[in-house]
Structures are given as C-alpha cells and as structure tokens.
Amino acid sequence: MKQLIISNIPIELEKKRIKNMYLRILPPDGRVHISAPVKMSEEEIKRFVTSKLDWIELQQRKIGERHTHQKLEFVSGDEIYVWGIKFNLIITETNTRQTIGFEGENLILYVKKGSTTEQKSRFMEGWYKKALQQEIPTLISKWESIIGVMSNSWNIRDMKTRWGVCNIRSKNICLNLQLAKKPPKCLEYVVVHELVHLLERSHNSVFKGYMDQFLPQWRTIKKELNGME
Ligand SMILES: [Zn+2]
C-alpha cells in the first residue's frame, strides 16, 4: 500500500487488477482509501482526488458526527463527553430536582425515578445548551473585534451535517449543540470560521488566508473536529 498526500489529506493507495477507481472514506477516523487500476498514473489519481475534495471533506465530517451523535442508552457506565473530556455516566434517582454533578471521572445524572432514555437525553441536551450559552457571547465579541466584523444574532441547534452556519444576509450565526461535547477550542474555531464568512462567503483561498491569519492552528482543530487525529 502506498501513501499519497493530496491537499494535506493522507491517502492510502492500493493498485489492483480492476477496471475502475474506487474512493472510500473509512470509519472510525475518516481515512481515505483508493483502489486504482494497476496502469493508472499517479497524476490521474491526483486529478481525480482533487476533483472530489469537497465530497471527501463532507464524508469525513459525517463520519466524525456519527461518532458525536452516538446514541446513548443513558445507563450507568455509558461514556459521555463534556468539552472534550470523557466521563463515566452514573445515573442516580432523586426525589428532588434533576441535576448534574461531577466527581472525578464520573458525571452523575440525578433523575426522577422512572425517567425514560428520552427524558434523560433531553435533560442532558438542555444542559449542553446552557453550557454553550455561557461561552458563546464572550467568544463572539472577542472574535468580532479581532476580525473586525459584527454579527446580529446567534442560536444553537442540534445539526446533523454542519458544525456551524453563517447567514450572511441576516448575519445570524448558528452553532451546533454537539460542540459542547468537543474541546473548547473546537467551539472557538467554529465561531471564528462563521465570523470569517462575514468577510468571505465561500471556502476559497481568500477565506483560508483569513483563517491562517486569525487562527493559524485552524487546520489541526478542524481535523480533530471531524473525528480524525
Ligand atoms: Zn463555512
């Protein structure tokens, strides 16, 4: 197996006695695997991969999110993430109000007796949302003044395919609820990314130039966010 690097993406290349080229994105880390006909030149393969870069990035993001959106049973022993830290979930029944406590490696979810998985999940989502709400305003105003733009509003949604959305016309920034499970720098990266869209609409070289200027380590964080090293 050969390794190629195309546009910063490592690619495993396997030559086989086949007629067509196959491109696959493999879980759990979103690595790129290509099976190509023996006779095909590296130039041709590079051209093909380059034409598929958007698709590759989308698939890698989906794989990363499948991991994030992992359905929990909400039983003691589940692994649960808060700001990139893995906790061991402990379910404790309570007669008073539902709440969350942290003890070392444990996240203790105090729930009413007989709570369903759905109820526990909804409570946890509400908690994630509050955690994000506490961080977002500071991050937005910090980066608005660094980047020199102004947004109008922001909101949080549980999105399946995107970490953030910037509506350029309304200047609203939408952030993914799942970011509360990722390290804080990931939320910061998405905030910077969406604010930079107020300077440049598309993900072109101008956009990337701004990202390099404002957050030089953005590529590393982006990869981490997409479930890769
Ligand atoms: Zn974008």
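Before moving on, here are some points about what is shown:
- The range 32-109 holds strands (runs of 3 or more DSSP E) entirely within its bounds, and those carrying 3 or more residues that are of a type in the set (A, V, I, L, M) and touching a strand residue (DSSP E or B) at 6+ places or on another chain (Cβ under 6 Å) map to 85-94.
- Filter pass, Thr117 being more than 18 Å from Lys182 (Cβ to Cβ) and touching an Asp or Glu at 6+ places or on another chain (Cβ under 9 Å): yes
- For Asn176, the conditions (1) within 20 Å of Gln60 (Cβ to Cβ); (2) within 14 Å of the ligand (Cβ to nearest atom); (3) surrounded by 14 or more Cβ atoms within 10 Å (Cβ to Cβ); (4) in contact (Cβ under 8 Å) with a residue 24 or more places away in the chain all hold with the exception of (4).
- Checking Leu89 against (1) in the same structural domain as Glu194 (by TED's automatic domain parsing); (2) more than 20 Å from Val191 (Cα to Cα), the condition it does not meet: (1)
- Only listed residue being in contact with a helix residue (DSSP H, G or I) (Cβ under 7 Å, 6 or more places away or on another chain), exposed (fewer than 14 other Cβ atoms within 10 Å of the Cβ) and within 30 Å of Pro183 (Cα to Cα), chosen from Glu79, Glu93, Glu73, Glu103: Glu73
- In the range 152-172, the residue that is surrounded by the fewest Cβ atoms within 10 Å (Cβ to Cβ) out of those that are more than 11 Å from the ligand (Cβ to nearest atom) and of a type in the set (A, V, I, L, M) is Met159.
- Put simply, of Glu135, Glu105, Glu125, Glu144 the only residue that is under 24 Å from the mean Cα position of the chain (by Cα) and either of a type in the set (Ser, Thr, Tyr) or outside the structural domain of Val191 (by TED's automatic domain parsing) (or both) is Glu105.
- The set of residues from the range 189-229 being more than 15 Å from the ligand (Cβ to nearest atom), surrounded by 16 or more Cβ atoms within 10 Å (Cβ to Cβ) and outside any loop (DSSP other than H, G, I, E, B) comprises Lys223, Glu224.
- Residue list for the range 195-220, restricted to those being in contact (Cβ under 8 Å) with a residue 24 or more places away in the chain and more than 19 Å from the chain's Cα centre (by Cα): Leu198, Leu199, Arg201, Tyr210, Phe214
- The condition of being out of contact with any Pro (no Cβ under 9 Å at 6 or more places or on another chain), of a type in the set (D, E, K, R) and modelled with pLDDT under 95 does not hold for Lys129.
- Matching residues, the range 109-152, being among the β-branched types (Val, Ile, Thr) and either in contact with a Ser or Thr (Cβ under 6 Å, 6 or more places away or on another chain) or free of Cβ contacts under 8 Å to residues at least 60 places away in the same chain (or both): Val111, Thr116, Thr117, Ile136, Thr138, Ile140, Val149
- Residues located in the range 10-27, provided they are under 15 Å from Glu42 (Cα atoms) and not in a loop (DSSP other than H, G, I, E, B): Pro10, Ile11, Glu12, Leu13, Glu14, Lys15, Lys16, Tyr22, Leu23
The values are calculated or read from the model by the stated rules, or taken from the named source; none is laboratory data. This structure is a prediction, so every number in the text was calculated from the model and none was measured. Because the Cβ atoms are built from the backbone with ideal geometry, glycine has one as well, and the counts that use them run over all protein chains shown.
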